[in-house]
1. For Asn146, work out the one condition from (1) out of contact with any helix residue (DSSP H, G or I) (no Cβ under 8 Å at 6 or more places or on another chain); (2) on the phi > 0 side of the Ramachandran plot it doesn't fulfil.
2. Give the residue, chosen from Gly143, Gly138, that is crowded, with 24+ Cβ neighbours inside 10 Å and assigned by TED's automatic domain parsing to the domain that holds Ala286.
3. Tally time: how many residues in segment 257-300 are free of Cβ contacts under 8 Å to residues at least 60 places away in the same chain and under 30 Å from Met231 (Cβ atoms)?
4. For segment 269-315, which positions are of a type in the set (Gly, Ala, Ser) and crowded, with 18+ Cβ neighbours inside 10 Å?
5. Within segment 11-24, does at least one residue satisfy the condition of being surrounded by 13 or more Cβ atoms within 10 Å (Cβ to Cβ), modelled with pLDDT under 95, outside any helix (DSSP H, G or I) and touching a helix residue (DSSP H, G or I) at 6+ places or on another chain (Cβ under 7 Å)?
6. Cβ-Cβ under 7 Å, sequence separation 6+ or interchain: first residue in segment 205-234 and in contact (Cβ under 8 Å) with a residue 60 or more places away in the chain, partner of a type in the set (Lys, Arg) and in a strand (DSSP E or B). Which pairs?
7. Just for segment 86-99: of the residues that are more than 10 Å from the chain's Cα centre (by Cα) and under 14 Å from Thr54 (Cα atoms), which one is surrounded by the fewest Cβ atoms within 10 Å (Cβ to Cβ)?
Amino acid sequence: MSSTPHTQRAQRTATGAAFALITAAALTLTACSGGEPVTAPTGAASASQAALPTEDVVAGVRRNEAAAKLLPADVRRRGTLTLASSVGSPPSSAYLPDGRTVVGLDADFADAVAKALGLELKREVAGFEAILPALGSGRYDVGTGNFGVTEGRRKTIDFVTYVNDGQGFATRADSTLPAVTDLTLLCGLKVATGAGTTFERTLEENRGRCAEAGREPYEVKVFNEPAAVWMSLRQGRSDVVMSTINGIRHAVTQQPDTKFLNEYRRLDVGFAFKKGTPLAPAFRAAVNGLKADGTYDRILRKWGVTASAIAESRISPPEIPAPKR
């Protein structure tokens with residue numbers, strides 16, 4: 001028998017409460033530029049609003065005529081773009097306590113670029129692992145989700161960069177694990193990470209190094225939700241978390257008994273598009289315009305990630321090579 005609305009609300013409340021205990025990443029989603037709100041996925045909960053900055057640093061962005069002229073004629077005529085947004089954890093993306101509004105670094109940059117180009121964004125929430133294939137099929141015009149620029153992704157996806165983030169590690173506060181400067185330091189451990197991410201790829205590609213060193217392989221535990229990653233760590237089902245540098249730095253300030261270990265490598269992060277998109281030049285010009293007028297720095301300061309600034313936006317630059325170990 002189907003559940004009643006009252007039961008469904010109670011289930012969502014219980015799920016949300018558990019989620020909030022595990023991560024302060026909860027935020028909500030509204031379509032920007034006055035569109036109809038998009039419903040947050042079940043389990044999106046309210047973190048403390050005081051934990052997330054809410055000032056509007058995009059309101060003053062003016063139309064960048066030079067950048068707008070680079071848009072394809074059909075896009076200029078319709079005046080809209082469909083954006084697929086993966087909502088993960090702060091500072092990149094999260095839900096506000098209203099359970100409907102998405103905020104974060106990705107949202108601010110998307111909104112700022114849309115204003116600069118004179119376009120309305122039609123924002124849809126989508127799973128991280130589903131966005132890149134959907135771009136290729138033409139379902140969305142652009143995607144955000146802290147997508148790192150890698151050589152593998154560049155084969156099928158175009159990127160327009162706007163920040164630099166990367167890969168890092170965290171563990172429980174009582175752990176004796178040192179900085180993970182080499183993945184063989186993870187041998188014999190359980191490593192929690194997100195599905196479809198560069199972290200999962202890096203871990204899987206290097207799993208054999210433990211056997212080569214005569215050591216027990218590490219186990220990769222993959223989760224679709226950031227909350228589940230941190231729950232696994234705190235409950236002792238995982239020994240270490242691998243995720244975004246900025247995301248981990250924020251999360252350990254909200255998660256009791258956890259600590260940031262170290263940065264492992266840096267990657268450029270960009271808006272994602274179908275390969276060969278004609279939208280890339282306009283987006284690059286808009287991001288560089290935001291750097292020139294000061295909006296870019298205001299967004300980074302708002303989210304406490306000034307170390308993630310890039311010198312200029314580029315279209316699908318080569319992957320930043322991994323450091324020599």
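The values are calculated or read from the model by the stated rules, or taken from the named source; none is laboratory data. Only a predicted model underlies this, so the values are computations on that prediction, with no experimental measurement involved. No Cβ is skipped: glycine too gets one built from the backbone with ideal geometry, and neighbour counts run over all protein chains shown.
1. Asn146 satisfies every listed condition except (1).
2. On the way: Gly138 fails: crowded, with 24+ Cβ neighbours inside 10 Å.
Only one candidate qualifies: Gly143.
3. 0
4. Taking segment 269-315 as the starting set, the residues that turn out to be of a type in the set (Gly, Ala, Ser) are 270, 272, 276, 280, 282, 285-286, 289, 292, 294, 304, 307-309, 311, 313.
The answer is Gly270, Ala272, Ala280, Ala282, Ala285, Ala286, Gly289, Ser308, Ser313.
5. Looking through segment 11-24, at least one residue is surrounded by 13 or more Cβ atoms within 10 Å (Cβ to Cβ), modelled with pLDDT under 95, outside any helix (DSSP H, G or I) and touching a helix residue (DSSP H, G or I) at 6+ places or on another chain (Cβ under 7 Å).
6. Between residues of segment 205-234 that are in contact (Cβ under 8 Å) with a residue 60 or more places away in the chain and residues that are of a type in the set (Lys, Arg) and in a strand (DSSP E or B), the close pairs are Leu233/Arg172.
7. Kept after step one, since they are more than 10 Å from the chain's Cα centre (by Cα), are these residues of segment 86-99: 95-99.
Narrowing the set further to residues that are under 14 Å from Thr54 (Cα atoms) leaves 95-98.
Working: Tyr95: 29, Leu96: 22, Pro97: 19, Asp98: 14.
Among them, the one singled out is Asp98.
Conditions (1) farther than 30 Å from Val57 by Cβ; (2) out of contact with any Gly (no Cβ under 9 Å at 6 or more places or on another chain); (3) small (Gly, Ala, Ser), marked per residue:
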residue	(1), (2), (3)
Leu96	no, yes, no
Ala114	no, yes, yes
Leu135	no, no, no
Asn164	no, yes, no
Leu185	yes, yes, no
